[in-house]
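The values are calculated or read from the model by the stated rules, or taken from the named source; none is laboratory data. Keep in mind that what you see is a predicted model, and the values were worked out from it rather than measured. Glycine also receives a Cβ, built like all others from the backbone with ideal geometry; neighbour counts cover every protein chain displayed.
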């Protein structure tokens, strides 16, 4: 497990899944991509204190990669629970595979009342050394706490996360939030902060932040 944690430093899930996009596995959303035309996260600071967001609140440099129609679109995801919503988005196919490898996790995520999910996009897993994902999928006991480290049982929007500063996650650890509501960062404990690619994504029971790095706990 110590080895898996060290691998995160060179790379860019039980409870996690969701969000968006339709880029190929060879494409990595760039932080320099055009910003979403939706209102900035800062403009939604007063939006629901319960962390529930709307399509108009979605923001981030890769939001233009969200499908515009179908079940994988923002409108299509809003009525689905988080695991189901994630399964409709090619950007999160590796995450969905990982969640499926942990018995009962998808059902647990779908039945939860309110979650915040930090969802690594496919490229975050591809950045890990060859074989890492396959090894984790073959060892659910090792995979489960990593996935749990990406899910909070409290629902937050971006402004709420930044105000909180840190949030408890299902693994028993915390994710530290930095940056601003318009550009939040997420650190699972090992000092490597993930950045937001597309956040405030609403599903029926979760607010999702698609991130560029797999979060790992402290070594």
Of the residues in segment 193-203, those that are farther than 16 Å from residue 155 by Cβ and in contact with a helix residue (DSSP H, G or I) (Cβ under 6 Å, 6 or more places away or on another chain) come to 198
Residue 129 passes all but one of the listed conditions (1) modelled with pLDDT under 95; (2) surrounded by fewer than 23 Cβ atoms within 10 Å (Cβ to Cβ); (3) assigned to a helix (DSSP H, G or I); the exception is number (3)
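Residue by residue, here is whether (1) at pLDDT below 95; (2) over 17 Å from residue 200 (Cβ atoms) holds:
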site	(1), (2)
52	no, no
63	yes, no
70	yes, yes
89	yes, no
95	no, yes
100	no, yes
109	no, yes
113	no, yes
Could you please let me know if residue 102 is in contact with a helix residue (DSSP H, G or I) (Cβ under 8 Å, 6 or more places away or on another chain) and within 21 Å of residue 197 (Cβ to Cβ)?
no
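Residues in segment 174-188: is at least one in a loop (DSSP other than H, G, I, E, B) and surrounded by fewer than 16 Cβ atoms within 10 Å (Cβ to Cβ)? Break it down stepwise before answering.
Step one: of segment 174-188, the residues in a loop (DSSP other than H, G, I, E, B) are 181-182, 188.
Restricting the remaining residues to those that are surrounded by fewer than 16 Cβ atoms within 10 Å (Cβ to Cβ) gives none.
No, segment 174-188 has no match at all.
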When residues of segment 89-126 are filtered for being buried (at least 20 other Cβ atoms within 10 Å of the Cβ) and not in a helix (DSSP H, G or I), how many remain?
9
Out of 171, 166, 153, I need the residue that is touching a helix residue (DSSP H, G or I) at 6+ places or on another chain (Cβ under 6 Å) and either surrounded by fewer than 24 Cβ atoms within 10 Å (Cβ to Cβ) or closer than 21 Å to residue 92 by Cα (or both). Which one?
171
Could you look through segment 135-150, keep only residues that are within 14 Å of the chain's Cα centre (by Cα) and part of a helix (DSSP H, G or I), and pick out the one that is surrounded by the fewest Cβ atoms within 10 Å (Cβ to Cβ)?
148
